Amino acid sequence: MTEKNLQETDDMLWKRRESEEAGENAVPDGSPPEGARDEGEEVTAWMEKAHRLAAELDNTRKRARRDVERARRDERVAVLAGFLDVLDNFDRALALQGAESNQWLEGFEATRAQMLDVLARFRVQPFESLHEHFDPNWHEAVAMASVPGQEEGTIVEVIQAGYVLNKDDVIRPAKVVVAKG
């Protein structure tokens with residue numbers, strides 16, 4: 001309990017004592033907790049009540065701080081997820097061009113690299129999925145395929161890359177094709 005809280009409690013008790021001496025029954029800041037019999041017990045009861053209120057206030061502050069941080073993280077995820085669709089379109093266009101090398105293709109690749117750098121500054125990065133075991137927390141199965149030599153549940157094709165924030169917070173799961181037995 002802070003010194004300010006102790007002073008406020010002391011002031012409240014003095015006001016009560018003065019009002020009782022003046023013949024007033026009402027207490028300006030509320031009534032004492034039930035069960036208080038004499039002045040010493042009443043002071044102790046008020047101090048306990050003040051301690052509980054201070055602890056409750058501290059818990060409320062901590063909860064509010066966590067809620068603000070969670071809201072900030074959720075907003076960042078929503079903003080950054082919008083960039084991922086643009087990046088996917090770059091990947092699709094590059095795949096159509098194949099190995100053909102020209103200025104347009106080089107510019108497109110440079111733009112894609114720049115987008116990845118921007119995402120990396122926000123600690124967003126793609127994660128590897130091909131040949132990994134399917135995990136519903138990290139992957140979204142869009143199809144299953146029989147692939148000889150592949151263990152059931154192994155990812156055999158990545159349709160759309162998955163991305164994480166801070167290495168473990170999935171922004172978007174990877175869309176994958178999974179081997180079936």
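A short reminder: the numbers here are calculations on the coordinates, not readings from a lab. In this text the structure is predicted, and so the values were computed from the model without any measurement. All Cβ positions, even for glycine, are placed from backbone atoms using ideal geometry, and neighbour counts span all protein chains on display.
Here are a few things to note about the model shown:
- Anchor Lys15: lysines whose Cα lies under 22 Å away (excluding residues fewer than 8 positions away in-chain): Lys4, Lys49
- Listed by chain and number, the lysines whose C-alpha is less than 29 Å from the C-alpha of Lys167, apart from same-chain residues fewer than 8 away, are Lys62, Lys175, Lys180.
- Among 79-91, 56-68, the peptide with the highest mean count of other Cβ atoms within 10 Å heads the list, and the full ranking is 79-91, 56-68.
- Label-point gap, in nm, between Glu69 and Asn89 - each point 7 angstrom along Cα→Cβ: 3.6
- Anisotropy class assigned to region 60-181 is oblate, per the alpha carbon gyration tensor with a/c at or over the 1.5 cut-off and a/b no larger than b/c.
- Cα gyration tensor, region 125-181 - rounded (a/c under 1.5), prolate or oblate: prolate
- Length gained when the stretch Ala54-Glu39 is fully extended (0.36 nm per residue, less Cα-Cα span): 3.2 nm
- Separation of alpha-carbon centers, region 111-181 and region 44-62, rounded to whole Å: 48
- Given charges at beta-carbon only (K, R positive; D, E negative), |dipole| of region 125-181 in Debye: 180
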